[in-house]
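Chemist: Attaching a single structure in structure tokens format; questions to follow.
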Ligand code: MSP
């Protein structure tokens with residue numbers, strides 16, 4: 001972050017993302033929307049802090065790591081890079097990135113509890129928890145032991161019973177209702193605010209904020225048997241990420257607190273609008289000003305989510321259509337606050353209609369005419385008289401639309417803001433068709449007429465690119481420079497509605513196509529192919545967390561090994577690269593702290609290998625000793641839980657939960673025999 005300035009400050013956050021899988025278009029939506037808000041606010045003269053990050057603790061990370069055959073630390077290290085790379089590709093201008101595994105964050109979380117105890121001694125107590133918990137959504141589904149399904153993902157929730165530290169949320173019902181009454185804008189949109197209020201009005205239960213059964217988390221201060229419940233840990237990132245230490249010795253960027261906006265998807269609003277303010281009240285820390293929830297991106301009417309497999313990935317779209325196209329589509333097509341459907345076909349239609357034929361075409365028309373009829377020079381605003389019609393009408397429409405767009409942005413109504421910017425594009429097109437500059441260019445040439453027309457069109461185009469810049473940062477900057485303007489568009493003040501936008505008498509650059517028209521079927525195929533490569537790594541090697549292909553798995557270290565696309569063939573040479581041998585299990589034991597892993601010593605003929613296998617929930621060490629198994633012998637060694645695994649034991653994966661069933665032999669085979 002730059003040095004503190006005199007500007008008004010603005011602090012905005014996305015949720016921190018679970019680092020158990022790569023982001024898809026649905027999850028990237030929050031970050032893209034926030035980037036638009038951040039850019040818009042900068043263009044309103046604010047010094048903006050924009051925080052994002054990765055949520056790296058908790059049971060779902062622990063399990064994903066086990067499934068992938070790596071330690072949780074390795075998994076989050078690998079996945080967090082995917083987020084950073086994607087945000088770079090998408091042009092996200094965040095200023096702070098917080099990882100919950102960083103020491104700075106752990107210290108802040110522990111200090112938040114210490115501070116809470118100092119200011120509100122009754123707020124945290126020890127008690128017994130028994131209930132159902134969804135490990136995928138990190139959500140308490142019910143506070144009774146009876147079986148229950150998760151309301152978010154529909155999967156059966158797990159039974160949890162243990163001694164925990166509790167946060168006395170029940171004591172914050174009244175203060176929360178007072179907060180809501182005093183701040184009618186506290187939650188946006190209104191209908192979500194009503195849901196939050198009803199939830200709080202119906203009574204609040206105390207909340208368990210520590211775990212004994214999980215190891216992968218931040219240790220509870222002075223009681224290392226417990227780690228923090230992942231949401232208490234994660235929410236604290238909003239303050240730890242900008243330098244909170246303990247409320248007294250904080251870093252310089254903590255001046256941005258309280259947050260102006262915490263933005264997120266609708267499913268996690270309760271954590272932000274109820275639990276988080278209560279945690280902060282108890283710790284005597286200022287409260288965020290506004291909680292803003294968007295809807296979900298759906299794919300065929302279901303929430304886009306990795307676990308359902310119905311996801312589109314941003315990278316292929318950006319590679320084929322460019323960064324601006326994805327941003328434009330999401331902000332234009334989805335009404336902010338409501339669910340919106342994602343469709344590749346609609347994306348390509350918008351690209352061709354609004355970007356190629358709309359903005360791109362208008363820019364190239366105006367630039368070509370200035371180049372052709374005015375020797376490539378923007379007319380001087382002082383030497384043209386545009387007070388008469390039809391110039392005046394268009395310039396006035398431009399000002400009115402600018403003011404409207406401004407209020408729409410402030411109201412998170414991006415879709416209508418873009419709709420009206422595009423209506424202005426339509427008006428400039430019609431204006432050109434009516435005044436026909438090409439007629440003015442034939443002898444007797446009306447130079448004054450041409451200057452008035454093209455000055456007006458260029459000026460409104462300048463206004464359009466300023467207004468659209470937060471959503472289309474790349475293309476608008478290119479058009480700005482093609483109009484002969486210098487400096488980043490981001491430095492333009494979006495609120496200055498009456499000042500002419502263009503510095504006149506500037507030479508324009510040679511017009512170049514900005515959004516080349518695309519053949520839809522061909523573009524769609526290219527995107528689909530790249531998406532397949534992400535889903536089935538192995539056809540090409542993208543930087544992905546990796547997902548085992550269904551139906552076949554290995555019980556050893558690298559369950560996340562690349563798999564070819566379904567139906568794809570490999571050569572006999574490829575197969576011959578895998579060295580599989582018969583092994584005889586000599587000993588097996590559980591790995592401390594990993595309830596799924598067994599450390600197995602296997603005799604593979606010329607040596608006894610140590611292999612870590614994720615089968616502890618299905619096989620006991622006694623089941624294995626003396627058993628003949630199939631070992632992949634030439635895998636690169638990898639570390640899990642600090643122990644080395646040298647190979648894999650092959651198993652079939654059965655049923656939806658992927659129960660491993662070890663391969664074996666019914667006939668007598670010696671250890672070390674090769675499989676061909
Ligand atoms: N780690 C928690 C947040 C902790 S914040 C203190 C989390 N992470 S997440 O990775 O599941 O979600 C990150 C963001 O992606 C959230 O805003 C979530 O709503 C958003 N989305 C994930 N899938 C989505 C869609 N299909 N559509 C729109 N947004 C969705 O929750």
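Rule-based calculations on the coordinates, nothing more; no lab input. A quick note: this is a predicted structure, and the numbers were derived from the prediction, not measured. Cβ placement follows ideal geometry from the backbone for every residue including glycine, while neighbour counts extend to all protein chains displayed.
Chemist: Please determine, in degrees from 0 to 90 and to the nearest 10, the orientation of helix 447-468 with respect to the longest principal axis defined by the Cα atoms of the chain, where the helix direction is its Cα long axis.
Modeler: 20
Chemist: Can I ask one more? Please give the peptides 119-125, 601-607 ranked by average Cβ packing (other Cβ atoms within 10 Å per residue), highest first, as a rough proxy for protection.
Modeler: 601-607, 119-125
Chemist: Separate question: Using a Förster distance of 45 angstrom, determine the FRET efficiency expected from the C-beta separation of residue 152 and residue 673, and round it to 0.05.
Modeler: E between residue 152 and residue 673, to the nearest 0.05, is 0.35.
Chemist: Expressed as cubic angstrom per residue, what is the convex hull volume of the alpha carbon set of the range 115-187?
Modeler: Enclosed volume per residue, from the Cα hull, is 135 Å³.
Chemist: Between residue 528 and residue 595, with labels modelled 7 Å along Cα→Cβ, what's the label distance in nm to one decimal, could you check?
Modeler: 4.3
Chemist: Using Cα pairs under 8 angstrom and six or more residues apart, how large is the relative contact order of the chain, in percent? Can you show the working numbers first?
Modeler: Details: 1239 pairs, mean separation 84.7, N = 676.
Dividing the mean separation by the residue count of the chain yields 13 percent.
Chemist: Take the Cα of residue 377, step 7 Å along the line toward its Cβ, and report every residue of the range 507-535 whose backbone nitrogen sits under 13 Å from that point.
Modeler: 507-508, by backbone N distance to the label point.
Chemist: Using the alpha carbons of the range 279-402, what is the convex hull volume per residue in cubic angstrom, as a whole number?
Modeler: Taking only Cα atoms, the range 279-402 has a hull volume of 234 Å³ per residue.
Chemist: Could you tell me how far the Cα centroid of the range 130-168 sits from the Cα centroid of the range 608-626, in Å?
Modeler: 30
Chemist: In deg cm²/dmol, rounded to 500, what helix-only [θ] at 222 nm does the chain give when every DSSP H run of at least 4 residues adds -39500 (n - 2.57) and the total is split over its residues?
Modeler: Working: 21 runs with 245 residues, N = 676.
Calculated from helices alone, the mean residue ellipticity at 222 nm is -11000 deg cm²/dmol.
Chemist: Something else about it: Between residue 505 and residue 442, what's the calculated FRET efficiency when r is the beta-carbon distance and R0 is 25 Å? Round to 0.05. Before the final figure, lay out each step's value.
Modeler: Details: r = 25 Å, r/R0 = 1.01.
Once rounded, the FRET efficiency stands at 0.50.
Chemist: How tilted is helix 473-482 with respect to the longest principal axis of the chain? Cα atoms for both, answer in degrees (0 to 90, nearest 10).
Modeler: So the inclination is approximately 30 degrees.
Chemist: Largest first, please: the extent of the C-alpha atoms of the chain along each principal axis, to the nearest Å.
Modeler: 101, 68, 42
Chemist: Using alpha-carbon pairs under 8 Å, 6+ residues apart, how would you state the relative contact order of the range 83-226 in percent?
Modeler: 20
Chemist: Modelled label-to-label distance, residue 520 and residue 357, 7 Å Cα→beta-carbon offset: nm?
Modeler: So the two model labels end up 1.0 nm from each other.
Chemist: Given the convex hull of the Cα atoms of the range 325-478, what is a quarter of its surface area in nm²?
Modeler: Across all orientations, the range 325-478 yields a mean hull projection of 9.5 nm².
Chemist: May I ask you to order 289-296, 375-382 by the average number of other C-beta atoms within 10 Å around their residues, highest value first?
Modeler: Final packing ranking: 289-296, 375-382.
Chemist: Calculate how steeply helix 414-435 sits against the longest principal axis of the alpha-carbon atoms of the chain, using the helix alpha-carbon long axis, and give the answer as 0 to 90 degrees to the nearest 10.
Modeler: 30
Chemist: Can you order the peptides 64-71, 102-109, 621-628 by their average number of other Cβ atoms within 10 Å per residue, highest first?
Modeler: 64-71, 102-109, 621-628
Chemist: Next question. Please tell me the relative contact order of the range 159-272 in percent, rounded to the nearest whole number, where contacts are Cα pairs under 8 Å and at least six residues apart.
Modeler: Across the range 159-272, relative contact order equals 22 percent.
Chemist: Further question on the same structure: How many percent of DSSP beta bridges within the chain run antiparallel, rounded to 5? Present the calculation step by step, with values, prior to reporting the outcome.
Modeler: On the way: 55 of 77 bridges.
Around 70 percent antiparallel, to the nearest 5.
Chemist: By how many nm would the segment from residue 349 to residue 194 lengthen if fully extended, with 0.36 nm per residue of separation less the alpha-carbon distance? Walk me through the intermediate numbers first.
Modeler: Values: separation 155, 0.36 × 155 = 55.80 nm, distance 3.65 nm.
Additional length available on full extension: 52.2 nm.
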